[in-house]
1. Under a straight-distance cross-link criterion of Cα-Cα below 18 Å, which lysines are reachable from Lys157, leaving out those fewer than 8 residues away in the same chain?
2. Carbon-plus-sulfur fraction of the accessible area of the range 12-79, 1.4 Å probe, in percent?
3. Quick query: amide H of Ile52 versus all other amide H atoms, modeled in the peptide plane; which residues come in under 5 Å with a sequence gap of 5 or more or a different chain?
4. Which of the lysines could a cross-linker span from Lys54 if the Cα-Cα distance has to be under 24 Å and same-chain partners fewer than 8 positions apart are dropped?
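The values are calculated or read from the model by the stated rules, or taken from the named source; none is laboratory data. As the structure is a prediction and not an experimental result, all values here were calculated from the model. Side chains included, ligands, DNA and RNA excluded: accessible areas come from the protein's heavy atoms. Shrake-Rupley method; radii C 1.70, N 1.55, O 1.52, S 1.80 Å.
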Amino acid sequence: MPTLGVLIVSVHGMNRLPQCLESVGWADAIMVLHVGGGEPAVGSNRSPSAVIRKARSATELEKMGREVKTDWVLRLWGEEQVGARLKEELHRVSKGNQGIPSAYRIPIRSRVLDRWVQGSLWGPSPACRFSSFVDDLSPEWWNLEQEKSAVFPEPLKGSIDDYTLEDLAGGFEQIHRVSDLWAE
């Protein structure tokens, strides 16, 4: 039976890594690659299958990413979460028959000012984040300048939910409060 793994890249200051891990707790293997200072804030409810590694450089990040040895790999940032619909689609695709494409694009939604919008700070949407082998995607999948231009099938219908902009929305609210104070 094909296996499905998740590779999560985390950087210092990501607040929703525990929720990200919880949203993929069903995966056969989970690897969190933390880049930069500090320790990743993984929380106490992380999956026992989650492996956490620290990378000191982009080169190290690429090498470690190849250690995910599952048949299919989903790549996420630590602020992103997988919903129920996308989870079902990932399982369906990974358990599918021969002749299916080896890589898929997935729409990404961001939370901005209490609304979901299409797109992400982390790159294009839909982004190629799910493939049958690690080598199918550029080892620098996380590098926005390395996005492959290959043609993939229609994006999956489910989406990756990116909460990065929600924190930005809080910043906008604070700017408005300060602006109102100055106006008075």
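1. Excluding near neighbours in sequence, the set is Lys87, Lys95.
2. Values: 1590 of 3270 Å².
That fraction is 49 percent.
3. Val32
4. Within reach: Lys63, Lys69.
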